[in-house]
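Please treat every number below as a calculation from the coordinates, not as lab data. Bear in mind that the values here come from a model prediction, so they are computed numbers and not experimental data. Ideal geometry is used to build each Cβ from the backbone, glycine not excepted, and the neighbour counts take in all protein chains shown.
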Amino acid sequence: MIELIEKQQFHLTYNWRVDAYPKGTVRLSEPINERAPDGSWVNRGRMIIPSTPPAETREGKNLIVNTGHYLVGDIMMDEVGYDTGLTYHAMGTGTTAVAAADLTLTTETSRRIMTAKSRLLGVVTYSTFFTAAESTYAIKEAGVFGHSTASAAADSGSLFSHYLVTFDNSAGIYDLTFTYKLTIS
């Protein structure tokens, strides 16, 4: 008979932040390449470099949807198409409450490949920069997408997380940076 001495759990905590910078006050660095343990080079994206503090910031929690849980399992199983990870961040104007069964944003308006990705111990951070011209909406929702089928096309890939955010940039005054932080403990 085997006695269970300790119950170990795998915890994920996740939050998002949107920083709004006056249009034209953010620049991107040259691509950052790092040497991987196998000796190959990996592109980690570009640093987002603002010249002023954000004019506004919004923060909150999100929901990792069912397809996000399945995506993690399939990545761990090395399933075909699941070697890409999380790659795109999208925003939209839908106001429907997020639900675990969500497959897409309610009304996706814009999406970008993530600008920067980093990991420090158990904290993975993704940042995505949208110019004012790319984010001229009354933004109500956002989400993170992965899988090899994720592309610049709306609703492509597997939805990992979905969250509601209220930020009116319909006048196109701000460049926006969406930061998604996933803590694994």
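Laid out as a table, the results:
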quantity	calculated
Rh by Kirkwood over Cα pairs, then Stokes-Einstein D for the chain at 0.692 mPa s and 37 °C, µm²/s	189
Residue of Pro22, Pro37, Pro54 that the Gaussian network model of the chain assigns the largest fluctuation, springs spanning Cα pairs under 10 Å	Pro37
Lysine-lysine proximity count for the chain, Cα under 25 Å, sequence distance 8 or more or distinct chains	9
GNM flexibility winner over the chain from Glu30, Glu141, Glu56 (Cα, springs under 10 Å)	Glu30
Full-extension gain in nm, Arg44 to Ser170, via 0.36 nm per residue minus C-alpha separation	42.3 nm
Within the chain, helix-based [θ] at 222 nm, where runs of 4 or more DSSP H residues each add -39,500 (n - 2.57), nearest 500	-2000 deg cm²/dmol
GNM flexibility winner over the chain from Asp102, Asp38, Asp78 (Cα, springs under 10 Å)	Asp38
Relative contact order (percent, whole number), the chain, Cα cutoff 8 Å, 6+ residue spacing	29
Distance in nm between pseudo-label sites at Ala55 and His69 (7 Å out along the Cβ direction from Cα)	4.1
Modelled FRET efficiency - R0 35 Å, Thr96 with Asn33, Cβ distances, 0.05 increments	0.30
Cα gyration tensor category, rounded, prolate or oblate, for region 35-120 with a/c compared to 1.5	oblate
Between helix 66-76 and the chain: long-axis angle, C-alpha atoms, 0 to 90°, nearest 10	60
